[in-house]
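Shown next, in structure tokens, is the structure this report addresses.
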Amino acid sequence: MNGAESLVRTLLNGDVNVCFANPGTSEMHFVSALDRVEGVRCILGLFEGVVTGAADGYYRMAGRPAATLLHLGPGLGNGLANLHNAKKARSGMVNVVGEHASYHIRHDAPLTADIEGVARPMSDWVLTSRAATDIAADGAKAVEAARTAPGKIATLILPADTAWNEAGGPAQVAPPAPRACVDDGAIDAGAKAIRSGKSAAILLGGAALRGKALEWAGRIAAKTGCRLFCEYNNARMERGAGRATVRQLPFAVDAALAMLQDVRELVLVGAKTPVSFFAYPGKPSVLVPEGCSVTKVAGAEADLEQALEAMADALGARGSAPRVNAAAHDTALLAGAITPDGLGALFNVLLPENAIVIDEAVTSGRAFTGAMMGARPHDWLNIMGGSIGWGPAAATGAAVAAPERKVVAFEGDGSAQYTLQALWTMARENLDVTMVIFANRAYKILVGELANVGGSEPGTNARAMLTLDRPDLDWVALAKGYGVEAGRAATLEELAVQFRRGLAVAGPYLIEVVM
């Protein structure tokens, strides 16, 4: 077999059986190998940002990496924004990036580039295979790196001649190492902070926001009275009725400071010390109030379920019933104009059980998502790195990873334009995604940010850079052009009809919400 086939078989040995791809000439031997070797599902993205964002969404739901297939340095470069988001989310993936044949690089052909240099800022592991006989072992190392908890970006660069030359058989892939247990000293320090008698809170992140780990946190909160917070951006969080009550730190600095103002003991489990998204004149970067002590129990890479269970035992909380969100979804729908309160009430009632919510509704979403804590149980995935254009791509990957679950994507009209090509992939693969586009005809968040940094009232040039009108984007037409059914809503009654229609469709559906 050639080097490309040895790599495909090695990926399968590592349980990497999905490949999000946008290939070119240098990758044709790998494409051919994917044709010959059964077991890998290949999914085409029309833009590399769709490919890398889909791999991020896939990892968050599947818990194992997918492969991406990218064309040389420019193809990798096109995918970097969503690789940034994936790295911040600690998502694992194996990027296979084609390279010119090794003997061709010195001729400086048009697509020649420093691929390793392009890859390093957004990768945790980078390697160029030097010979066909190395590819299988290099591929195994890439998979092992990607599966290192909590997840890493591995980029393997594949010169064309190493793909087409003869190689040996595939390599075996070592099983992922278990997460490291948190030592007793850190557990004791966290328990001591919580029982100090001062106002205490636990800031949760990573895997602490789901499963048994979240349940243990809820038991600790019920027993001790401490509050549970989470970071503003979270890779995956279990929310809704019956799940532990966790308040999300706000994006706005003043609101976040107000939420934390009386906390005197802040315990970190899977989270970092909270900081503001941006710097603002006259406002702090670190959101810890004066006089508050910070105790780090565990980072996101640790066994957070073990850490929280041990803390629960140290605090006598094992037998306590978790403090959870009450059900609040059996209420009447509001009618009339679309408002943040109306949106929150509508989605709170209509969101189906076990849905996966993709949240890149940068302005509209943060105004209503807090109202959905009492909705039916669901998973909530945030954009982690702030590089917009993540939502449509991540929804694609999440739907591939969990085909039995409805994916609901809340998306801003400005952000969605970066990866609207994902609609075509959703249609081609018949992915069960209902996408809600909040069409406020602007980069609305930036209008507020202009004021937040002390800018003047928007003038002619500012309005030209911050608005999405003249002409308005027609999302219904755009969706249909990509093969996706779509409808438009300008009132809450129309939105309820459209959202129910989207949920009933066993495939993609887009709703343009005119704000």
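Structural remarks
- For segment 116-136, the set of residues classified as over 25 Å from the mean Cα position of the chain (by Cα) and acidic (Asp, Glu) consists of 134 only.
- Of all residues in segment 223-261, those satisfying the criterion of being of a type in the set (Gly, Ala, Ser) and either open to solvent by 10 Å² or more (accessible area, probe 1.4 Å) or on the phi < 0 side of the Ramachandran plot (or both) are 225, 235, 241, 242, 244, 252, 255, 256, 258.
- Restricting the first member to segment 229-247 and to residues that are touching a residue at least 12 places away in the same chain (Cβ under 8 Å), and the second to residues that are basic (Lys, Arg) and part of a strand (DSSP E or B), the beta-carbon pairs closer than 8 Å and six or more apart or on different chains are 229/247; 230/247; 246/239; 247/227.
- The residues of segment 421-442 that are over 19 Å from residue 59 (Cβ atoms), open to solvent by less than 20 Å² (accessible area, probe 1.4 Å) and in contact with a Pro (Cβ under 8 Å, 6 or more places away or on another chain), listed by number, are 423, 434, 435.
- Each residue in segment 31-61 was checked for being touching a residue at least 40 places away in the same chain (Cβ under 8 Å), under 16 Å from residue 79 (Cβ atoms) and assigned to a helix (DSSP H, G or I), and 11 of them qualify.
- Unique residue being farther than 19 Å from residue 394 by Cβ and among the hydrophobic types (A, V, I, L, M, F, W, C) when the list is 135, 43: 135
- Test: residue in segment 366-389 that is open to solvent by less than 10 Å² (accessible area, probe 1.4 Å), within 16 Å of residue 512 (Cα to Cα) and not β-branched (Val, Ile, Thr): no
- Answer from 397, 389, 385 - the residue that is closer than 30 Å to residue 256 by Cβ and either without any contact (Cβ under 8 Å) to a residue 12 or more places away in the chain or assigned to a helix (DSSP H, G or I) (or both): 397
- Pairs where the first residue, in segment 311-322, is outside any loop (DSSP other than H, G, I, E, B) and the second is at pLDDT 95 or above and loosely packed, with under 14 Cβ neighbours inside 10 Å, C-beta under 8 Å, 6+ apart: 312/318
- Matching residues, segment 336-358, being part of a strand (DSSP E or B) and open to solvent by 20 Å² or more (accessible area, probe 1.4 Å): 337
- Scanning segment 300-315 for residues that are among the small types (Gly, Ala, Ser) and open to solvent by 40 Å² or more (accessible area, probe 1.4 Å) returns a single hit, 314.
The values are calculated or read from the model by the stated rules, or taken from the named source; none is laboratory data. Since this is a predicted model, take the numbers as computed values, not measurements. Ideal geometry is used to build each Cβ from the backbone, glycine not excepted, and the neighbour counts take in all protein chains shown. Please note that ligands, DNA and RNA were not included when accessible areas were found on the heavy atoms of the full protein model with its side chains. Shrake-Rupley method; radii C 1.70, N 1.55, O 1.52, S 1.80 Å.
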